[in-house]
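First comes the structure, then the notes that go with it.
The values are calculated or read from the model by the stated rules, or taken from the named source; none is laboratory data. Since this is a predicted model, take the numbers as computed values, not measurements. As a convention, Cβ positions derive from the backbone with ideal geometry for all residues, glycine included, and neighbour counts pool all protein chains shown.
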Amino acid sequence: MKDEAKDVATQPIEAAAAPAAEAALKAPAKKKRARSGKAKGANAAVEARIGHNFADPNLLIQAITHVSALKSGRKRGDSYQRLEFLGDHVLGLVVSDMLYHAFPSADEGELSKRLAELVRKESCADVAKLLGLLDDIKLGGVGPAADARLRKSVLGDICEAVIGAIYLDGGHAAAAEFVKRNWTERMHKPRRPLRDPKTVLQEWAQGKGLPTPVYREVERTGPHHDPQFRVAVDLPGLESAEGVGGSKRAAEKVAASVMIEREGVGGGNDS
């Protein structure tokens, strides 16, 4: 009888414990779903900025994950690095194709210079910064100061990794669309001169049957240790163009650039 009473007494306790245990099992699942929903929201925000919805969101996560953020046991290949390698070559191919069609009169040397300027890490970092990817990079616990430095140092790499991720997710067409959207204006307006403006002006003059441009000092101002030169460039039949610089050579380049822009000379930044 005592044993039967013991069994009866424990039944309500076990029945009451069952819902509690079930709730405890569901709690982590709810937290996991909440974290998953938050991650999807963050991914959607990045996708909206880069203009591509990923069929495989893990590719985007990998593209913005630095090796320092990987948990123990995961391989370096789970970071952005492999995608960066792929994206670098996809970017080069797409930009090469853009240049080939945009500048039909440019020779191989000029096309190569333009390509090098457009795919350099600084250019990629500029694009990534404009897209707001700086704060999206996933880093490990490296400390505030190192965090800021590291984000800036890998920004160009992250941009290439995103291109690689888009290529794997949506193919060449999707990657090309991303590159064209973010590089077309840069292609037509390089941030740095591609060729010496004096060389461009001289070649243009020779092509027109004109003599070599003549540069003359108009005036020199300022103290001896910090002079300013005003130089004019002359070509027969054309109005002179002037430029100012801290040296004669610098002023000559400015003057040549002024004439190039005024006369619509090809072979410079906007050929």
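What the table below lists for this structure:
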| read-out | value |
| --- | --- |
| Residue check for residue 240: of a type outside the set (Asp, Glu) and over 30 Å from residue 130 (Cα atoms) | yes |
| The stretch 75-110: number of residues that are in a helix (DSSP H, G or I) and touching a strand residue (DSSP E or B) at 6+ places or on another chain (Cβ under 9 Å) | 1 |
| Residue under evaluation residue 244, criteria (1) closer than 30 Å to residue 78 by Cα; (2) surrounded by 15 or more Cβ atoms within 10 Å (Cβ to Cβ), criterion not met | (1) |
| Residues being modelled with pLDDT of 90 or more and not in a helix (DSSP H, G or I) - total across the stretch 247-271 | 1 |
